[in-house]
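Below is one structure, written out as structure tokens; comments come after it.
The values are calculated or read from the model by the stated rules, or taken from the named source; none is laboratory data. Model, not experiment: these values are computed from the prediction. Quick reminder, even Gly has a Cβ in these numbers, built from the backbone with ideal geometry, and neighbours come from all protein chains shown.
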């Protein structure tokens, strides 16, 4: 629990020094009991427990065995917007034999994390374009329009995501169509994207079909505006 603060103190630093420049806090490193109120796109969790040199796994899990640990784990489970990665040096399933509320809560978090699926985007438009697929058409036209620009796009099953080429790990804008067979219209989907800091732009499918060039006209400027919004956050 105190290893991180002590290591930082030896270097004359504190957790505040781990934050990004200009107060943006791109990165933080904190112990389990100190993550309340913080969130990031991606959270990396290190168990810090494991077998001893003889291969024995002790039931004492430190903070996970203390009162209130389950509540802390539940807070930790909601700190990432998009992805949680857990690093460990023992079989997490062994927590099943530990009856502490914290261990049980962490095992539930592990099960939820390992069952989560990742949807990989389409990064290059297909050569055999389906003219009846509005998303396919829009993706190919947007990709062509932005070919030499600072932005680019990827296609997901129900929307097109835009990003800056020098920051390919972070999407900044979502172009979604209304009037499609499977549109992005669920309030939960839209709220989740907004919560991740994306700018959402709705495009009526019938207008796009009528005049794709008009739909393309403001694409670049909308992405510039989305990038500026990210900078302000």
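Checking each residue in region 146-167 for being under 26 Å from residue 209 (Cα atoms), within 18 Å of the chain's Cα centre (by Cα) and surrounded by 12 or more Cβ atoms within 10 Å (Cβ to Cβ) picks out 153, 154, 155, 156, 158, 159, 160, 161, 162, 163. Of the numbered criteria (1) in the same structural domain as residue 209 (by TED's automatic domain parsing); (2) under 18 Å from residue 82 (Cα atoms); (3) at pLDDT 85 or above, the one residue 142 fails is (2). Criterion applied to 134, 143 was being under 20 Å from residue 215 (Cα atoms) and touching a helix residue (DSSP H, G or I) at 6+ places or on another chain (Cβ under 6 Å), and the one residue passing it is 134. Of the residues in region 183-198, none is surrounded by 18 or more Cβ atoms within 10 Å (Cβ to Cβ) and more than 20 Å from residue 120 (Cβ to Cβ). Checking residue 65 against (1) more than 22 Å from residue 192 (Cβ to Cβ); (2) within 27 Å of the chain's Cα centre (by Cα), only one condition comes out false. Which one? For residue 65, the exception is condition (2).
Of the residues examined, residue 64 is one that is in a helix (DSSP H, G or I), modelled with pLDDT of 75 or more and closer than 28 Å to residue 108 by Cα.
Scanning region 62-108 for residues that are touching a strand residue (DSSP E or B) at 6+ places or on another chain (Cβ under 8 Å) and under 20 Å from residue 28 (Cβ atoms) yields 76, 77, 79, 80, 81, 82, 83, 84, 85, 86, 87. In region 36-56, of all residues being over 17 Å from the mean Cα position of the chain (by Cα) and surrounded by 15 or more Cβ atoms within 10 Å (Cβ to Cβ), the one that is nearest to residue 106 (Cα to Cα) corresponds to 47.
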